[in-house]
Amino acid sequence: MTLIEKISLDLNLDKLYLARIISRSGFYYKDFIIPKKNGGFRRISQPSAELKTLQYWITKNILCKIPISKAACAYKKGDSIKKHALLHCKSRHILHTDIKDFFESVDSSKLIKILEKNHSVFEDINLDYNSSIDDIRKICFRKNKLCIGSVSSPIISNIVMYDFDNALTGYCKENGLIYSRYADDIYVSSDKFINHDILEFISNELNKCGLSINRSKTRFYSSKYKRSVTGIVITNDSHISVGTKRRTMIKNMIYNKLVNSEGDSNEILGYLSFLKDIEPDTYQRYLIKYSKFCTTDVLTALSDKNT
């Protein structure tokens, strides 16, 4: 059975309609340009509802059945930046680097190579591999590259990094190190000094994947200095924190909203939810501290419905 026939049967959609979407899939995106925190801009390509539906189907029925390393700590059920930071919070030394132009560097050939090795996934759902692979490429890639914003891109990024993740996991295990990858961010930590030779190993393994290390964003941290993992601060007593700067920002946002009716309620409540997850005691203190500025509970007062 071809991919179009299978999707048509599962979703009760006309085959000619599906074929038309797939053949012109590159036009079913809306592009957005957003600023990066450290300067520059990032392109977000949002697929249309029609194409997004097909990407969901591919993800659920095919991609979810392809192996992903346990070292991949993003885009999987149960993953969070808190859980990821906790992996490294007991370590005195941390290496952080990232993959240069990660999503843009992942082309369809990398996925197709892996799908060929997992041919049984197609057989299990009575799908012909040879007639389906080109349609999968058109549905999940745009101009043969992964798009930031596409439904299937996150899981594909983890799938194509499987060999790299396993290679670095093995290296770190042999050398008493802890390794994890959160999207394009690579973290290695240890209680002992991390030899800089590991960068050569990382670079070589990335080159095997057709990727490259971002030297400009490579840093070694120790307990003598501020350490953070995916934006979460590691304290000197091996706990996780949102950090002093972010706590101060949250306090100012709460005060300005309650006293001056300034600020976006959804943004403030989002930051409070983050604070509750990382520092629940601080969260409770803030609710008590700022209750004097409102006649209802703080969360209700912060809502736009009550301002």
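The values are calculated or read from the model by the stated rules, or taken from the named source; none is laboratory data. Keep in mind that this is a model prediction, so the values were computed, not measured. Using ideal geometry, Cβ is built from the backbone for each residue, glycine included, and neighbour counts are taken over all protein chains shown. The area values use the complete protein model at the heavy-atom level, side chains included, leaving out ligands, DNA and RNA. Shrake-Rupley method; radii C 1.70, N 1.55, O 1.52, S 1.80 Å.
Quick rundown of the values:
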| read-out | value |
| --- | --- |
| Where a residue in the stretch 284-295 is within 18 Å of Glu262 (Cα to Cα) and its partner, wherever it lies, is of a type in the set (A, V, I, L, M) and open to solvent by 50 Å² or more (accessible area, probe 1.4 Å), with Cβ under 6 Å and at least six apart | Phe293/Val259 |
| Helices (runs of 4 or more DSSP H) contained in the stretch 1-107 and holding at least 1 residues touching a helix residue (DSSP H, G or I) at 6+ places or on another chain (Cβ under 9 Å), at negative phi and open to solvent by 50 Å² or more (accessible area, probe 1.4 Å) | 3-11, 15-23, 49-61, 81-86 |
| Those strands (runs of 3 or more DSSP E) lying entirely in the stretch 182-237 with at least 2 residues open to solvent by 20 Å² or more (accessible area, probe 1.4 Å) | 219-222 |
| Ser157, sole failed condition from (1) open to solvent by 60 Å² or more (accessible area, probe 1.4 Å); (2) within 21 Å of the chain's Cα centre (by Cα) | (1) |
| Selection from the stretch 31-69 of residues that are out of contact with any Pro (no Cβ under 7 Å at 6 or more places or on another chain), at pLDDT below 95 and either among the charged types (D, E, K, R) or farther than 30 Å from Leu13 by Cα (or both) | Asp31, Ile33, Ile34, Pro35, Lys36, Lys37, Asn38, Gly39, Gly40, Arg42, Arg43 |
| Filtered residue count, the stretch 114-144, keeping only those that are closer than 25 Å to Phe41 by Cβ and surrounded by fewer than 17 Cβ atoms within 10 Å (Cβ to Cβ) | 2 |
| Options Ile22, Ile34, Ile7: the member that is within 15 Å of Ser150 (Cα to Cα) and of a type outside the set (S, T, N, Q) | Ile22 |
| Which numbered condition Tyr171 fails, given (1) under 22 Å from the mean Cα position of the chain (by Cα); (2) within 16 Å of Ile213 (Cβ to Cβ); (3) open to solvent by 10 Å² or more (accessible area, probe 1.4 Å) | (1) |
| In the stretch 118-174, the residues that are assigned to a loop (DSSP other than H, G, I, E, B) and over 20 Å from Glu50 (Cβ atoms) | Asn118, His119, Ile125, Asn126, Leu127, Asp128, Asn144, Met161 |
| Candidate set from the stretch 246-263 (those that are within 29 Å of the chain's Cα centre (by Cα) and of a type in the set (S, T, N, Q)); member that is surrounded by the most Cβ atoms within 10 Å (Cβ to Cβ) | Asn252 |
| Residue in the stretch 93-113 that is over 26 Å from Ser45 (Cβ atoms), modelled with pLDDT of 95 or more, over 20 Å from the mean Cα position of the chain (by Cα) and not aliphatic (A, V, I, L, M) present | yes |
| Gly270, sole failed condition from (1) open to solvent by 60 Å² or more (accessible area, probe 1.4 Å); (2) at pLDDT 95 or above | (1) |
